[in-house]
Amino acid sequence: MKITIDIDCTPEEARAFLGLPDVAPMQKAAMEEIEKRMLSGLQSMDPETLYKTWLPGSMQGWEQFQKAFWNHFSGGGGRDGGSGREGNDS
C-alpha cells in the first residue's frame, strides 16, 4: 500500500509544525556583521593606504630597494661576492 500526502505550507509554517527554531533573526544579525566587516575592509583598500602599507616609510627605503635589485641582477651583489660564471665557458 502506498500513501501520498501533499502539504501546502510556507517554510515558516513547516518550521513551526516540526518544532524547529526560527533562525531568521540570527541570520540577519550575522549578515549585518559580515557587511560591517566587509565595508571596513574596503576602507583599507584606498590607494593611499595601500601605498603606505606596501612601500617603505620613505623614498630612501624605495631607493635602497632599487639599488639592491639592480646590484643583484648586475652581478654586483651575488652570494659569491660578485664573481659570476664568466670563466666557465670552456
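What the table shows:
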{"quantity": "Selection of trypsin sites (Lys or Arg not before Pro), the stretch 1-46, meeting DSSP coil and at most 14 other Cβ within 10 Å", "calculated": "K2"}
{"quantity": "Calculated FRET efficiency for the pair Q43/Q64, C-beta based, R₀ 35 Å, to 0.05", "calculated": "0.70"}
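No value in this document is a laboratory result; all are computed from the given coordinates. Please read all numbers here as calculations on a predicted model, not as lab measurements. Because the Cβ atoms are built from the backbone with ideal geometry, glycine has one as well, and the counts that use them run over all protein chains shown.
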